[in-house]
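Chemist: Please see the structure below; I have some questions.
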């Protein structure tokens with residue numbers, strides 16, 4: 001049975017998150033979570049002697065604590081496939097940016113898809129020459145600490161890139177004529193709106 005975050009995959013975490021957001025009562029949620037962590041059916045769990053059930057329930061205690069932070073890897077290996085995290089947000093494609101923004105607005109449910117937008121198979125460019133759904137499936141097998149470290153890394157890179165762009169635009173605003181100033185101010189407002197859309201504040 002999984003009893004620590006290093007052994008918990010993103011996919012199983014997302015399944016647990018779905019259980020926690022469900023309308024089930026607390027006991028039903030606990031049974032479902034134990035079943036997921038033990039890789040057994042709910043019926044199997046319900047048929048356990050009470051002492052055995054209590055022992056398994058105790059092993060879920062790690063979920064009450066924060067996932068320990070780890071450093072985001074520069075290269076992610078899943079089976080025989082290697083993925084490279086996007087480092088430079090100034091070089092992402094429009095399609096990649098739009099997909100990132102779309103998935104980031106959909107919350108935890110779409111965390112695997114969000115990561116898959118920015119984890120590119122080695123030697124490929126975004127959404128060309130590979131199966132995006134395979135990337136999503138691979139991302140779901142990542143240990144949760146690694147997945148969360150990549151999420152943090154990507155949002156930090158997005159924030160850095162956007163801050164640099166805003167600083168540059170603000171400098172141009174002061175130098176430009178009135179007509180150009182209005183265009184730049186509009187672009188700044190749109191950038192701030194975009195940041196708010198992905199949960200970043202300026």
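The values are calculated or read from the model by the stated rules, or taken from the named source; none is laboratory data. Only a predicted model underlies this, so the values are computations on that prediction, with no experimental measurement involved. Neighbour counts are summed over all protein chains in view; Cβ atoms, including those assigned to glycine, are modelled from backbone coordinates with ideal geometry.
Chemist: From the residues in segment 71-85 that are in a loop (DSSP other than H, G, I, E, B) and free of Cβ contacts under 8 Å to residues at least 24 places away in the same chain, which one is surrounded by the fewest Cβ atoms within 10 Å (Cβ to Cβ)?
Modeler: 80
Chemist: If you don't mind, another one. Output the number of the condition that residue 48 fails; it satisfies all remaining conditions of (1) free of Cβ contacts under 8 Å to residues at least 24 places away in the same chain; (2) in the same structural domain as residue 10 (by TED's automatic domain parsing); (3) not in a loop (DSSP other than H, G, I, E, B).
Modeler: (3)
Chemist: Take the conditions over 30 Å from residue 123 (Cα atoms), free of Cβ contacts under 8 Å to residues at least 12 places away in the same chain, in a helix (DSSP H, G or I) and not assigned by TED's automatic domain parsing to the domain that holds residue 156 and apply them to residue 43. Does it pass? Working first, answer last.
Modeler: Values: over 30 Å from residue 123 (Cα atoms): yes; free of Cβ contacts under 8 Å to residues at least 12 places away in the same chain: yes; in a helix (DSSP H, G or I): yes; not assigned by TED's automatic domain parsing to the domain that holds residue 156: yes.
So residue 43 passes the test.
Chemist: Look at segment 51-70 and say how many of its residues are farther than 15 Å from residue 12 by Cβ and in contact (Cβ under 8 Å) with a residue 60 or more places away in the chain.
Modeler: Of the residues in segment 51-70, 3 are farther than 15 Å from residue 12 by Cβ and in contact (Cβ under 8 Å) with a residue 60 or more places away in the chain.
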